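Okay, so here's the structure we're looking at.
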Amino acid sequence: MKAMILAAGMGTRLRPFTNYHPKALVEVNGMPLLEIAIRRLMYFGCRDIIINVHHFAEQIIRFLERNEHFGINIALSDEQDQLLNTGGGLKKAASFFDDGQAFLLCNTDILTNLDLNAFYQAHLDSEALVTLGVRRRDTSRYLIFDQKGLMHGWANVKSGELCLPRQQSTALQLWAFSGLHIIDPALFKLMPAEEAFSIIDLYLEVCADHPIQSYPHNDSLWLDVGRKEALAAAASITEQLQMSPNSIKG
């Protein structure tokens, strides 16, 4: 399984640290978020990772060099000239996924103990174009799925916005997205000509004709550490994350 870690964001919610450093190097129990993400992928057998960089990219480059790329194949997708958003960032990295195999896309600021191999196998078994990790949690924006787990659209419950590209007479459910994707490389052929775009917008464009499947994981730990107030909670769960041997400092 190959993977891409999204690490190019500005991290405005983590200021003042991100005024001088990339969000990916915010530390939890002495370990940068990027290292946690890499070591978790290694735990599940991933040895080919690409990371997109933009904000203080040189610090991430030096961090990887100091750690000798953790002994695996880690490539960089340079977005220093232009931040490409989630979809555009993946599109630029398309050549990394040239083996025709499904791959994992994840955010550097999400901590979870989700079994990534089970997640990946569920995607292969479903034959979906994309499989998305989802949970029951309070948020303002939800993805909409039917009872079989097929994506129908998106809703913002605060603003009342609703987008339902796949319209069928079936009971629909709201699920919060976990920031975890398993993607078939066939998605690259459906991407727009634009360089910068949201991957969620792309999913909404294609879900009417292509199966995008949900993968509920309510029983696993999950935390978005993109906000300062979440860092204290993050410190209390790192011991429960599955990572490569001898990876937990302190």
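For the reader, a short list of remarks on this structure follows.
- Cβ-placed point charges (K, R +1; D, E -1), dipole of the stretch 1-149 about Cα centre in debye, nearest 20: 520
- Using the Cα coordinates of the stretch 1-118, the gyration tensor eigenvalues translate into equivalent-ellipsoid semi-axes of 21, 17, 13 Å, sorted from longest to shortest.
- Karplus-derived 3J(HN,Hα) values for the stretch 103-115, using 6.51 cos²θ - 1.76 cosθ + 1.60 with θ = phi - 60°, are 9, 9, 10, 9, 8, 6, 9, 10, 10, 7, 9, 3, 6 Hz; glycine and proline are entered as x.
- Charging the Cβ of each Asp and Glu at -1 and of each Lys and Arg at +1, and nothing else, the dipole of the stretch 161-230 about its Cα centre rounds to 140 debye.
- Heavy atoms of residue 163: accessible area, 1.4 Å probe, square angstrom to 10: 50
- Angle in degrees between helix 57-66 and the longest Cα principal axis of the chain, rounded to the nearest 10: 60
- Normalised contact order of the chain, rounded percent, pairs of Cα under 8 Å and 6 or more residues apart: 26
- Nearest-ten-degree value, helix 116-126 long axis tilted from longest Cα axis of the chain: 20
- Cα-based shape type of the stretch 106-208, given that a ≥ b ≥ c are square roots of the gyration tensor eigenvalues and the cut on a/c is 1.5: rounded
- Accessible surface of the stretch 1-153 [probe 1.4 Å, protein heavy atoms]: carbon and sulfur percent: 43
- Fraction of beta bridges assigned by DSSP in the chain that are antiparallel (%, nearest 5): 55
- Taking 157, 28, 206 in turn, the Gaussian network model of the chain (Cα-Cα springs below 10 Å) assigns the largest fluctuation to 157.
- Of all DSSP-defined beta bridges confined to the stretch 1-131, some 10% are antiparallel rather than parallel.
- A simple rule links phi to the HN-Hα coupling: the Karplus curve 6.51 cos²θ - 1.76 cosθ + 1.60 with θ = phi - 60°, which for the stretch 182-193 gives 10, 10, 7, x, 4, 4, 4, 6, 9, 6, x, 6 Hz, with x for Gly and Pro.
- Given 12 as the ceiling on other Cβ atoms within 10 Å, longest exposed-site-free region of the chain for GluC sites (Glu not before Pro) in DSSP loops: 1-126
- Within the stretch 99-123: backbone nitrogen closer than 14 Å to the residue 29 label point (7 Å, Cα to C-beta): 111-113
- With both residues required to sit in the stretch 115-250, DSSP beta bridges show an antiparallel share near 75%.
- Solvent exposure ordering (accessible area, 1.4 Å, most first) of 99, 48, 109, 81: 81, 99, 48, 109
- Dipole moment magnitude, nearest 20 debye, the chain about Cα centre, only Lys, Arg, Asp, Glu C-beta charged: 640
The values are calculated or read from the model by the stated rules, or taken from the named source; none is laboratory data. Just so you know, these numbers come straight off a predicted model, no measurement behind them. FYI the Cβ positions are ideal-geometry reconstructions off the backbone, even for glycines, and counts take in every protein chain you see. Protein only, heavy atoms only, side chains kept; ligands, DNA and RNA dropped before computing areas. Shrake-Rupley method; radii C 1.70, N 1.55, O 1.52, S 1.80 Å.
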